[in-house]
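Taking it in order: structure first as structure tokens, then the write-up.
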Amino acid sequence: MAPLIEIAGIGRVYGATNAPVRALNHVDLTIEQGEFVAIMGPSGSGKSTLMNILGLLDRPTGGRYWFDGEDVATFGHDRLAAHRNRHFGFVFQGFNLLPRATAAENVAIPLIYRGLSRAERHPIAVAALASVGLAHRLRHRPQQLSGGEQQRVAIARALVGDPLILLADEPTGALDTETGKEILKLFKLIHGSGRTIVLITHDLSVAQHANRIVSMRDGRVVSHNMIGEARSALVSRMPG
Ligand code: ADP
Ligand code: MG
């Protein structure tokens, strides 16, 4: 079976040809279904650029990307958008909620793109909010919620369409340490229920919650480390 995600030699150059910024330089990465991977590196190392490419929000300027064995470069605009909506859920540092919409309305947004009516969307959004512990906050607007609650709403929105993969870019970056830990606990539960998670962070104490850490520097992957059980499982499979 093909890996869920496989990229090879991925490059991304921003800007004009006379002043190019090489944000990614020959990045190779394979992510199997069910993994919990952290992508770690200092600010400016290319993490968000990589996440945008993995999540089909941006196209690379070089290299290859196979999603579930299919070459993403062959996808037209509509197919790319449909794949993004069907297979990916996104969580960002700043929550990115619509300020005038209620929690339930925010969570239902990905279902609008699937053509569901308001009446069809609502119970699915309510169930997603309940799954992150916010059944009692359905009609609250973002500014009536704490940072941790807003991030839970954003996580419910990311999960509402039952995506294969959760992509989270510095999801605890705007939260205090305790609240950040709660969010990481929630990610572990989500991973435990079978979802693939890619967690982007500059913080080792956050990255250590994953089963594998991919380290980046200056637009390149500089190491792949297994941690905890993932490493023991791999070592126990090695001969002799
Ligand atoms: P990280 O998320 O690790 O902080 P980014 O992927 O945001 O890194 O950025 C990698 C590099 O690309 C940085 O040098 C950044 O300034 C540059 N960059 C990111 N986005 C753009 C853009 N839209 N236009 C030009 N340069 C960009
Ligand atoms: Mg970033």
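With coordinates expressed along the principal axes, the C-alpha atoms belonging to the chain extend over 51, 44, 37 Å, beginning with the largest. Our estimate of slack between ALA130 and THR17, defined as 0.36 nm per intervening residue step minus the Cα-Cα distance, is 35.8 nm.
Net charge in the neighbourhood of ARG139 (other residues with Cβ under 14 Å of its Cβ; Lys, Arg +1, Asp, Glu -1) is +1. Taking the chain as a Gaussian network of alpha-carbon nodes connected by springs under 10 Å, the highest mean-square fluctuation of the residues THR177, THR17, THR196 belongs to THR17. Only helices enter the 222 nm calculation for the chain: every DSSP H run of n ≥ 4 contributes -39,500 (n - 2.57), and dividing by all residues gives -11000 deg cm²/dmol, rounded to 500.
Relative contact order for the chain: 27 percent, from Cα pairs under 8 Å spaced at least 6 residues apart, divided by residue count.
With contacts taken as Cα pairs under 8 Å at a separation of at least 6 residues, the range 5-49 carries a relative contact order of 37 percent. One equal scatterer on each Cα of the range 79-161, no solvent, Debye formula: the resulting log10 I(q)/I(0) at q = 0.13, 0.17, 0.22 Å⁻¹ is -0.35, -0.59, -0.98.
The Cβ shell under 13 Å around SER43 holds other residues with a net charge of -2, Lys and Arg each +1, Asp and Glu each -1.
Charge tally around LEU4: other residues with Cβ under 10 Å, Lys/Arg +1 each, Asp/Glu -1 each, net -4. For ILE227, the residues whose amide H sits under 5 Å from its own are ARG212, ILE213, ignoring neighbours fewer than 5 places away on the same chain, with H placed 1.01 Å from N.
In this structure, HIS77 and ALA101 have a Cβ-Cβ separation that, at R0 = 25 Å, corresponds to a calculated FRET efficiency of about 0.40.
Among VAL126, VAL160, VAL13, which one shows the biggest mean-square fluctuation in a GNM of the chain, springs joining Cα atoms closer than 10 Å? In this elastic network of the chain, the residue with the biggest mean-square fluctuation among VAL126, VAL160, VAL13 is VAL13.
Every number in this text was worked out from the coordinates using simple rules, so none of it is lab data. Just so it is clear, the model here is predicted, and its values are computed rather than measured. Ideal geometry is used to build each Cβ from the backbone, glycine not excepted, and the neighbour counts take in all protein chains shown.
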